[in-house]
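For reference, the structure is listed below as C-alpha cells.
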Amino acid sequence: MEHIHVIGGGLAGLTAAITAAESGARVTLYESHRTLGGRARTAEGPYRANEGPHALYRGGPHHTWLARRELLGPVLPVPPLEGLRFRFRRSGAARRTPPVALLRLARRSARTAPVDGSFLDWATGQVGEEGARAAANFAAAALFHHDPGGLSARFVQERLVRLTSLPPEARYPAGGWGRLVERLAGHARAIGVTVETAARVDTRTLGELSRTGPVVVATSLDAARTLLDDASLTWESGRTVLVDLAVRTRRGDAFVVSDLDAPGWLERFTAQDPGLAPAGEQLLQGQFPIGPDARRAEGTARAEELLDLGFPGWRERTTWRSEALADGRTGAVDRPGTTWRDRPSVVRGDGIFLAGDQVAAPGLLSEVSFTSGIEAALLAVKAAGRRPGSGVDLNRT
C-alpha cells in the first residue's frame, strides 16, 4: 500500500493516523508545533489547565473507540456531592436550581426540534420566552457561541439534551487532556506511525506528499483553506473568552456557575481531579462567548461576575490567572436550515481528505474531530488501495 500522510497532530490527526495504520497503511504524521495535541494540549504544572474547558462525553462514539484500544485511561466523573454546589445565575443572582421551564425543555427529544427554525423561536413555543432564553444560554456550555438562540433548533436541542442527561455524560481524563494525547501518540508510534514534529507543510510540500499517496489534512479549517487554496472551506464557529485561574481553597465554593442571563460557564476542575493544581489550591476554567465586534474585556467582565457569585473573596485568593481569546477555534455551529452534512466535505478530490471539528461529520464538540478523522483515514486507505502500482485492492479484501 502507498504512503498515507496526515497533516496535523491534534485529536483528528492522531485518530486518522491510528485508523490508517491499523488498516495496514504506512503512515507519517506531520505536526508544525514541537508538541502534539492541537487544542487538546494541557499546560505543564503546577496548574494543568487545558486549552479551554474540556470534557469527554460518555455517550459519544469516541469514548467507545478509545476504550476498545485501551487508550481511554483513567477518566473521572462529576463527584455526586458536587451536584449540590451547582449554581445558576438568574436575573443577576445565584440560584441553586434552574428554571422549571429549562428542565421541561431538556426532556424534549432533539428529533422534535426543527432544523429550519431557530432554537429561540421553537423553544419559546414550547416553554415561553424566559425559559427558552435560559435554556439557550445554558446550552452555550457545549456551543461556545454568543447567540445560541439564533442557531438551528435541532442543533442546540441535541446538545441541551446531552448536557442535562442523568447521570452526567461528562468525563474528565485524569491529569488533563494532555495525558490522553500522550496515550494516542504512544499508540500511534507503537503500531508504526512515523511522527514528525516541528514539521510545517506548505502548499509546495503538500504537492510533493500527494504524489506518493493520499493526504489527510487534519488542521483547523482556516489553515486548511490556506493550505489547499480553497476559498469554500469556511464554516461558522464561536468567539470565546477563555478564563483560567487558581484560587486558594475555600470551603463552600461552587462547583459550576452557569450563566442563564447570557452565555457563559465557569467550572472548578479540581473538584474531580485535585492533581491539576497544588495542594490547597483550586483550578477554575471558564468560557464566555462574545459577539464578532465585542472586545475581550466584555467576556472578562462576565467571568468576574460569575466568580463573585460562586467564589466569594476570589480576588484575594487568586494565585494564578490566564486569559485568551479563541476566535473561530471552538468547533462548528449550525445555523437554521443547515446540519453537519452541509459543512465542508471530508472528500476534497485528488486524494486529499479533510478532518477536524468544522467538517461534515456528526458529534458533539471534539467528537466531530474523532469521527471525521476515522472517516478521512478509511477513505484515504481505500484511495491508496486503488492507486496504480499500489499492489493492494481494498475492494477485494
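The values are calculated or read from the model by the stated rules, or taken from the named source; none is laboratory data. The shown structure was predicted, so the numbers you read here are calculated from the model rather than taken from an experiment. Neighbour counts are summed over all protein chains in view; Cβ atoms, including those assigned to glycine, are modelled from backbone coordinates with ideal geometry. When the accessible area is computed, the model is the full protein with side chains, heavy atoms only, and any ligands, DNA or RNA have been set aside. Shrake-Rupley method; radii C 1.70, N 1.55, O 1.52, S 1.80 Å.
A few points about this structure:
- Inside the stretch 253-289, residues that are in contact (Cβ under 8 Å) with a residue 24 or more places away in the chain and of a type in the set (Ser, Thr, Tyr) make up a count of 1.
- For the stretch 233-253, a tally of residues being among the polar types (S, T, N, Q) and in a strand (DSSP E or B) returns 1.
- Cβ-Cβ under 6 Å pairs, at least 6 apart or on other chains, the stretch 201-213 side assigned to a loop (DSSP other than H, G, I, E, B), far side open to solvent by 30 Å² or more (accessible area, probe 1.4 Å) and charged (D, E, K, R): GLY213/GLU2
- Checking each residue in the stretch 291-304 for being within 17 Å of ASP244 (Cβ to Cβ) and acidic (Asp, Glu) picks out only GLU304.
- Selection within the stretch 38-71 - open to solvent by less than 10 Å² (accessible area, probe 1.4 Å), within 21 Å of GLU375 (Cβ to Cβ) and under 15 Å from the mean Cα position of the chain (by Cα): ALA40, LEU56, GLY60, HIS62
- Within the stretch 80-92, none of the residues are part of a loop (DSSP other than H, G, I, E, B), at pLDDT below 95 and not small (Gly, Ala, Ser).
- Residues (among the aromatic types (Phe, Trp, Tyr) and surrounded by fewer than 24 Cβ atoms within 10 Å (Cβ to Cβ)) located in the stretch 340-368: TRP340
- Condition broken by LEU120, with the remaining ones in (1) of a type in the set (A, V, I, L, M, F, W, C); (2) open to solvent by 20 Å² or more (accessible area, probe 1.4 Å); (3) under 20 Å from the mean Cα position of the chain (by Cα) satisfied: (3)
- Looking only at the stretch 287-305, and only at residues there that are hydrophobic (A, V, I, L, M, F, W, C) and surrounded by 19 or more Cβ atoms within 10 Å (Cβ to Cβ), the one that is nearest to the chain's Cα centre (by Cα): PHE288
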